[in-house]
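Worksheet for the structure shown next.
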Number of protein chains: 2
Amino acid sequence: MSHWKSYLEEHRETFLHDLVQFLSIPSVSTSPEHGEDVRRAAQWTADRIRRAGISDVRIMETKGHPVVYAERIESPDKPTVLIYGHFDVQPAEPLELWMHPPFHPHIEDGKIYARAASDMKGNVLLSIVACEALLQTRGMLPVNIKFLIEGEEEIGSPSLGGFIQQNRQLLACDLTISADGGIGTREQPQIGLSNRGLAGLQVRVKTADVDLHSGAGGYAPNALHGLISILESLRDEEGRIQVDGFYEDVKSISDAERDVIAKMTPAFDAVMRQAGVKTSFGEPEYTPVERSVARPTLEINGMWGGFQGQGVKTVIPHEAFAKITCRLAANQDPEKIRELVKAHIYRVAPDYVDVFVEDLPGSAYPYQLPAEHTSVVTLQRILEQTTGKHVKFERSGGTVPVMGMLRQTLGVETITVGASQKDERAHAPNEFLRLENFYWLQEVVCMYLEELPGVLRQ
Amino acid sequence: MSHWKSYLEEHRETFLHDLVQFLSIPSVSTSPEHGEDVRRAAQWTADRIRRAGISDVRIMETKGHPVVYAERIESPDKPTVLIYGHFDVQPAEPLELWMHPPFHPHIEDGKIYARAASDMKGNVLLSIVACEALLQTRGMLPVNIKFLIEGEEEIGSPSLGGFIQQNRQLLACDLTISADGGIGTREQPQIGLSNRGLAGLQVRVKTADVDLHSGAGGYAPNALHGLISILESLRDEEGRIQVDGFYEDVKSISDAERDVIAKMTPAFDAVMRQAGVKTSFGEPEYTPVERSVARPTLEINGMWGGFQGQGVKTVIPHEAFAKITCRLAANQDPEKIRELVKAHIYRVAPDYVDVFVEDLPGSAYPYQLPAEHTSVVTLQRILEQTTGKHVKFERSGGTVPVMGMLRQTLGVETITVGASQKDERAHAPNEFLRLENFYWLQEVVCMYLEELPGVLRQ
């Protein structure tokens, strides 16, 4: 039997062919007219896992698109690793901006161009073929493997929380590998350590049943003024959130974390420049990068009320609305934060308004994996030994709901191991994946799975 | 020769017939498809004035709909009275709510139902036939009469200011009678003493060229928070306007005025009840009615920014907008107020925003006629003598731009003398006019014009 490394090298052409096939399925989860394509992608994924030598593969129904679950339990003594991914994709529109059709993959200069090349069919496939290489060359896997590949990630995973809850025993494991992301390049390997949670509310303020003529100004209360006064009270002028208890559970940033954050690629400079931002804003006690990855936020995402047309209409608006979301730092609970913000709003609302607050969907726990966690240390060691470079740690200001969900429900940590890079136009026209990373990550996954039995469950 | 009173009584049927004709013209000034109808109404008005015995009648062009001007100068020694009105009407939509077609007048129970019956073709006609009665029975008018009847009142009189400016000499007079309004009923006669001015601004706040993902929250500035902080600074929590110099020119309310206001029909109770207002709002030093007629306001009429759709979109908005109008109390200058509010906005705007302020159309001077002005005292005497009732004084929280315009340009005071009442559904379906007031006001105008030579120019 050959080594998995030779197996991967010998089958490159097949795997690339597989990738082209997988990318040709327009499994756009948000479009009802692509419902059958999403199911075809589920079927393709299930078949491909089976072809890898893992025979227990199930297409499991949810209220929405199905989930592909698969497992190969080598021995109860071995640790179990759950690999998470998704086979659904973002819409390809606007089509006219694509150089090549989004579902007819095009290969050029070591890159494969197609919708979902980077996010994330390449990563699903490379995880499967890494297992295949181990299985076909060793006859067994170094760990028990479970696959959880969903079809609703691009629409916010509405069925996944319930699915995990209902299948806790089936999904039980010692570590989750999320294939949805990247570990940088051979030149600059990276490990992601955290992302933030999310909690959202919609506020409606009402002062009357109908708009009044502004000739009634002087006695008629104005819903917009009422809402503005509520919203202005939520933060001080430097951005500190004024809601009682809001920061209570936020972990203070350790010196080690400060160090990690200070060494992160300062994405914020580029983001600000590209967006034409005038001046950055936020708690002056922290650096902008610290604020964006290790501190929570409260932002008004939208607001409206009264007359918005051309010219003038002298009304006193009787209703006004705002949407608020908070990004949550490690250790915060979205439900608790929602209740605190609600309590604040009800407390400060002026007498002359009725105020109604409802939850917005998309609630998510924050997630932070300690840099000293064995899963991190092991991956770091592999990457540094094989690339000869220092690993950089990254933390994200965004949200990956599945990680907090898995920890809350299964009590398990998640590490991201994938081939995607930030410049590969995920969600945009002309999305691509660098093939060198597609191949490199197959090896990384093999090495990582081989190392894990020695470090997990000790 | 008979007395004008007999003349009016003898011609009631003719005048009612005239009114039906006039009301049958759908002279909707806002609708391009009714352009010819507006011109027909101008022509009808001009013809009717000529038929009254006033031969110098002109249809004068403006950038928009024409103005009907007419004059009869009896003698340079007599005072000159300008009668203001308009022959254009509000749209009749929604048509399905009318019991009878809006441009086919229907008479029932002493009321005539049609669009513009109350606002204000009845008043235009009764002013003309009052002059006719005086002229036909006396052979001359007691004063020099000028008519200024416009066709754009229902769209905010966009051409009138320029027209008056350009025709200052033609329009020169000692008093203006606005026929656009009412003097109550024989049971409760009223005289209107004031209305408020108007000044409007639109504010745009910008923090970047594009919306940012809220994962950038912590450094990306939020245009909505910036705008909210500006707007919240404009008033204190009890509604006092915090703009430096805003109240500088506002006349303090004299004890006599307080008395008049306290005796006014408290329209605000009914308005609040009908609109389902929870609690009234405003400067606690004044009563709600005082605030609404003798104090200025600053109200946000509309505001918008960011995501306003269903559900959640985690953006940090890069732009936000608000429309602001101020109702101005007697003696305030709309241009000065605009400059003060602008200066405040620029001064308090946070560092992280660019702010742009532009003027909104519809600027108007406030107007107040002193209760002791000879035009008021004379009308009051006539009304009290002929009805045996005490006249109530009224002041309005709304705006009638023409009054401030006439005082600014011609230096002349304006008193309202018309048959309209507030419950006659002006601007709404099933508008009507009480015919008893249509006839009564013809007499009141005759009496008033007969009395004026003795009191004006003394």
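The values are calculated or read from the model by the stated rules, or taken from the named source; none is laboratory data. What you see is a predicted model; the values in this text were computed from it and never measured. Glycine also receives a Cβ, built like all others from the backbone with ideal geometry; neighbour counts cover every protein chain displayed.
Please go through region B:228-241 and give me each residue that is crowded, with 19+ Cβ neighbours inside 10 Å, facing chain A (nearest Cβ under 10 Å) and not basic (K, R), ordered by number. Answer for region B:228-241, where residues must be crowded, with 19+ Cβ neighbours inside 10 Å, facing chain A (nearest Cβ under 10 Å) and not basic (K, R): B:I228, B:S229, B:I230, B:L231, B:E232, B:L234, B:G239.
Here are A:D209, A:D244, A:D259, A:D249: which of them is outside the structural domain of A:A371 (by TED's automatic domain parsing), in a helix (DSSP H, G or I) and surrounded by fewer than 17 Cβ atoms within 10 Å (Cβ to Cβ)?
Values: A:D209 fails: in a helix (DSSP H, G or I); A:D244 fails: in a helix (DSSP H, G or I); A:D249 fails: in a helix (DSSP H, G or I).
The conditions single out A:D259.
If the condition is being hydrophobic (A, V, I, L, M, F, W, C) and either in a loop (DSSP other than H, G, I, E, B) or in contact with a helix residue (DSSP H, G or I) (Cβ under 6 Å, 6 or more places away or on another chain) (or both), then region A:272-281 contributes A:V277, A:F281. With respect to B:L224, is the statement that it is crowded, with 24+ Cβ neighbours inside 10 Å, more than 10 Å from chain A (Cβ to nearest Cβ) and touching a Gly at 6+ places or on another chain (Cβ under 7 Å) true? Spelling it out, it is not the case that B:L224 is crowded, with 24+ Cβ neighbours inside 10 Å, more than 10 Å from chain A (Cβ to nearest Cβ) and touching a Gly at 6+ places or on another chain (Cβ under 7 Å). The conditions of being within 27 Å of B:A330 (Cα to Cα), at pLDDT 95 or above and either out of contact with any helix residue (DSSP H, G or I) (no Cβ under 9 Å at 6 or more places or on another chain) or buried (at least 24 other Cβ atoms within 10 Å of the Cβ) (or both) are not met by B:V412. Looking across region A:306-345, the residues that are more than 32 Å from the chain's Cα centre (by Cα) and outside any loop (DSSP other than H, G, I, E, B) come down to A:G306, A:V315, A:I316, A:E319.
Quick check on region A:434-443. Is at least one of its residues under 26 Å from A:F163 (Cα atoms) and of a type in the set (A, V, I, L, M, F, W, C)?
No: region A:434-443 contains no residue that is under 26 Å from A:F163 (Cα atoms) and of a type in the set (A, V, I, L, M, F, W, C).
I'd like to know if region B:21-43 contains one or more residues that are in contact with a His (Cβ under 6 Å, 6 or more places away or on another chain) and either among the basic types (K, R) or not in a loop (DSSP other than H, G, I, E, B) (or both). Yes. For region B:249-281, filtering for residues that are facing chain A (nearest Cβ under 10 Å), of a type in the set (S, T, Y) and in contact (Cβ under 8 Å) with a residue 12 or more places away in the chain leaves 1.
Can we say B:V355 is touching a helix residue (DSSP H, G or I) at 6+ places or on another chain (Cβ under 7 Å) and in the same structural domain as B:S27 (by TED's automatic domain parsing)? Break it down stepwise before answering.
Values: touching a helix residue (DSSP H, G or I) at 6+ places or on another chain (Cβ under 7 Å): yes; in the same structural domain as B:S27 (by TED's automatic domain parsing): no.
For B:V355, the condition - touching a helix residue (DSSP H, G or I) at 6+ places or on another chain (Cβ under 7 Å) and in the same structural domain as B:S27 (by TED's automatic domain parsing) - is not met.
Among all positions in region A:194-205, there is no residue which is part of a loop (DSSP other than H, G, I, E, B) and farther than 23 Å from A:G418 by Cα.
Checking each residue in region B:287-297 for being outside any helix (DSSP H, G or I) and more than 8 Å from every other protein chain (Cβ to nearest Cβ) picks out B:T287, B:P296.
When you check A:S178 against the structure, is it small (G, A, S) and modelled with pLDDT under 95, yes or no? Write out each step before concluding.
Working: small (G, A, S): yes; modelled with pLDDT under 95: no.
So A:S178 fails the test.
In region B:348-402, the residue that is nearest to B:I164 (Cα to Cα) out of those that are in a loop (DSSP other than H, G, I, E, B) and of a type in the set (G, A, S) is B:G398. Quick one: in region B:262-281, which of the residues that are surrounded by 13 or more Cβ atoms within 10 Å (Cβ to Cβ) and hydrophobic (A, V, I, L, M, F, W, C) is modelled with the highest pLDDT? By that ranking, first place goes to B:F281.
Assess whether A:I316 counts as being over 30 Å from B:S363 (Cα atoms), at the interface with another protein chain (Cβ under 10 Å from one of its Cβ atoms), surrounded by 23 or more Cβ atoms within 10 Å (Cβ to Cβ) and in contact (Cβ under 8 Å) with a residue 60 or more places away in the chain.
Numbers: over 30 Å from B:S363 (Cα atoms): no; at the interface with another protein chain (Cβ under 10 Å from one of its Cβ atoms): yes; surrounded by 23 or more Cβ atoms within 10 Å (Cβ to Cβ): yes; in contact (Cβ under 8 Å) with a residue 60 or more places away in the chain: yes.
Against the criterion (over 30 Å from B:S363 (Cα atoms), at the interface with another protein chain (Cβ under 10 Å from one of its Cβ atoms), surrounded by 23 or more Cβ atoms within 10 Å (Cβ to Cβ) and in contact (Cβ under 8 Å) with a residue 60 or more places away in the chain), A:I316 does not qualify.
Within region B:346-356, does at least one residue satisfy the condition of being touching a residue at least 24 places away in the same chain (Cβ under 8 Å) and either away from every other protein chain (no Cβ under 14 Å) or closer than 22 Å to B:G122 by Cβ (or both)?
Let us first name the residues in region B:346-356 that are touching a residue at least 24 places away in the same chain (Cβ under 8 Å), namely B:348-350, B:352-356.
From what's left, either away from every other protein chain (no Cβ under 14 Å) or closer than 22 Å to B:G122 by Cβ (or both): none.
There is no residue in region B:346-356 that is touching a residue at least 24 places away in the same chain (Cβ under 8 Å) and either away from every other protein chain (no Cβ under 14 Å) or closer than 22 Å to B:G122 by Cβ (or both).
Name every residue in region A:388-425 that is over 30 Å from A:W98 (Cβ atoms) and of a type in the set (A, V, I, L, M), in order of residue number. Of everything in region A:388-425, those that are over 30 Å from A:W98 (Cβ atoms) and of a type in the set (A, V, I, L, M) turn out to be A:V391, A:M403, A:M405, A:L406, A:L410, A:V412, A:I415. Restricting B:R72, B:R12 to residues that are surrounded by fewer than 17 Cβ atoms within 10 Å (Cβ to Cβ) and modelled with pLDDT of 95 or more narrows the list to B:R12. Within region A:110-155, the residues that satisfy the criterion of being of a type in the set (G, A, S) and assigned to a helix (DSSP H, G or I) are A:A117, A:S118, A:G122, A:S127, A:A130, A:A133.
Report, by residue number, each residue of region B:90-118 that is under 30 Å from B:L410 (Cα atoms) and at pLDDT 95 or above. So that I can check it myself, show each step before the final result.
To start, the set of residues in region B:90-118 that are under 30 Å from B:L410 (Cα atoms) comprises B:90, B:116-118.
Passing the criteria: B:A116, B:A117, B:S118.
Evaluate the following for A:P284: is it within 14 Å of chain B (Cβ to nearest Cβ), part of a loop (DSSP other than H, G, I, E, B) and crowded, with 23+ Cβ neighbours inside 10 Å? No.
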